[in-house]
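The values are calculated or read from the model by the stated rules, or taken from the named source; none is laboratory data. Because the structure is predicted, anything quoted here is derived from the model rather than measured. With ideal geometry, Cβ positions are generated from the backbone for all residues, glycine too; neighbour counts draw on all protein chains shown. Surface accessibility is based on the protein's heavy atoms, side chains included, excluding ligands, DNA and RNA. Shrake-Rupley method; radii C 1.70, N 1.55, O 1.52, S 1.80 Å.
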Amino acid sequence: MKTGLVLEGGAMRATYTVGVLDVLMENKIKFDGIIGVSAGAIHGASYAANQPGRNIRYYKKYASDKRFMSFRTFLKTGDIVGKDFCYNEIPWKLDPIDNETLKNSSTEFYVVAANVETGKSEYIRVKDLKDPVQMEYLRASASMPLVSKIVEVDGKKLLDGGITDSIPLKAFQDMGFEKNVVVATRADSYVKKPENPLLSKIFYRKYPEFVKASTDRPKMYNDEKAYILDQEKQGKIFFIRPSEDLDISRTDTVPDHLERVYQIGRKDAEKRLSELIDFLNK
């Protein structure tokens with residue numbers, strides 16, 4: 001059975017995921033495939049490149065830099081995340097990703113982006129981040145609506161994959177990955193509530209299918225969570241999620257806050273490590 005690693009997004013909340021992934025990498029746990037959404041895609045890249053410690057290192061060092069993520073950057077460029085700093089300076093100069101390992105890895109790495117014209121998900125395999133097109137797909141997956149410009153790549157208009165497929169377990173199963181580990185960034189008690197669609201209707205009035213997907217997102221998310229819990233109950237997946245409230249906002253860049261959430265992820269993964277290994281070896 002092909003093994004898969006499924007990573008939810010959540011912006012800075014996904015620092016939890018970084019803690020989980022570092023424990024898995026430190027214990028040499030590999031998968032046949034990885035699929036990440038939004039921040040999960042960013043962290044999945046470091047996993048595919050086999051670089052434990054990289055994401056928390058550069059998050060703590062650079063996340064509070066105004067070039068990383070700030071409303072000043074948003075007002076200047078239309079993107080809350082600094083494009084050049086996050087997708088050029090950090091990965092190629094300040095804390096390089098091991099692109100050669102990613103390219104030569106037997107692990108298939110996929111990112112999820114939302115197509116604003118169709119309102120559907122795009123599942124893109126990423127093999128080489130030195131390829132500007134593939135880096136743009138990674139960036140598109142993590143481009144949060146309302147605070148990011150639409151990313152245009154390969155004739156497609158894309159935004160954050162979490163809008164159309166927040167935790168893409170079913171999609172990965174349909175792609176042939178039968179034994180999956182799912183890492184979420186919300187506790188079991190979380191239920192996504194309907195949001196006022198007014199801003200989406202104003203910002204994306206040219207894209208009614210995307211507005212519909214944004215409006216329907218709470219139901220999609222809650223249905224996916226219910227499916228994941230059912231799959232866990234049947235023993236078909238291994239589900240890791242926060243054991244406590246992370247108490248961090250999507251845009252929190254305080255290093256101490258990031259370290260605290262990272263350590264919760266490490267603690268949860270370490271506590272269940274032997275159970276996880278048994279699941280993968282069955």
Would you mind classifying region 38-164 by shape? Square roots of the alpha carbon gyration tensor eigenvalues, ordered a ≥ b ≥ c; an a/c under 1.5 is rounded, otherwise it is prolate if a/b is larger than b/c and oblate if not.
oblate
Gyration tensor on Cα atoms of the chain, a ≥ b ≥ c root eigenvalues, a/c under 1.5 rounded, else prolate if a/b beats b/c, else oblate, says rounded
Residues with beta-carbon under 13 Å from that of Glu259, excluding Glu259: net charge, scoring Lys, Arg +1 and Asp, Glu -1?
+3
Proximal aspartates and glutamates to Lys192, defined as alpha-carbon separation beneath 13 angstrom and excluding residues fewer than eight positions away on the same chain
Asp216, Asp223, Glu224
Here, GluC sites (Glu not before Pro) of region 152-245 satisfying both criteria (DSSP loop; at most 14 other Cβ within 10 Å) are Glu195, Glu244
In square angstrom, rounded to the nearest 10, how much accessible surface does Asp247 have for a 1.4 Å probe?
120
Using DSSP, restrict attention to beta bridges with both residues in the chain and report what percent are antiparallel, rounded to the nearest 5.
40
On a 1.4 Å probe surface of the protein chains, which of Ser64, Ser200 comes out largest in accessible area, and what is the full order?
Ser64, Ser200
The answer for Tyr110, listing residues at least 5 apart or on another chain whose modeled amide H is closer than 5 Å to its amide H, is Ile34, Ile35, Gly36, Val126
Under a straight-distance cross-link criterion of Cα-Cα below 17 Å, which lysines are reachable from Lys30, leaving out those fewer than 8 residues away in the same chain?
Lys2, Lys103, Lys127, Lys179, Lys282
Sequence-distant residues sharing a close amide H with Asn180 (under 5 Å, placed H)
Gly4, Phe238
With all protein chains in place and a 1.4 Å probe, Phe31 shows an accessible area in Å² (nearest 10) of 10
What part of the accessible area of the chain, given as a whole %, is carbon or sulfur when the probe is 1.4 angstrom?
50
Counting pairs of alpha carbon atoms under 8 Å apart in space and at least six apart in sequence, what relative contact order in percent does the chain give?
28
Out of residues 5 or more away from Gly10 or on other chains, whose amide H comes under 5 Å of its own, with H placed 1.01 Å from N in the peptide plane?
Ala39, Gly40
Going from most exposed to least, what order do Ile248, Ile167 have by accessible area with a 1.4 Å probe?
Ile248, Ile167
Between Lys219 and Lys66, what is the label-to-label distance in nm when each label sits 7 Å out along the Cα-to-Cβ direction?
4.4
Of Ala11, Tyr137, Val151, which is farthest on the positive side of the dipole of the chain, counting Cα position, with +1 on Lys and Arg Cβ, -1 on Asp and Glu Cβ, and the Cα centre as origin?
Val151
Please give the solvent-accessible surface of Val18 in Å², to the nearest 10, using a probe radius of 1.4 Å with every protein chain present.
10
Where the only charges are on Cβ atoms (+1 Lys, Arg; -1 Asp, Glu), what is the dipole of the chain about its Cα centre, to the nearest 20 debye?
480
Hz values of 3J(HN,Hα) by residue in region 169-185 - Karplus curve (6.51, -1.76, 1.60), Gly and Pro given as x:
5, 4, 4, 5, 4, 5, 7, x, 8, 8, 10, 10, 9, 10, 10, 10, 10
Taking a probe of 1.4 Å, how large is the accessible area per residue of the chain, in Å²?
45
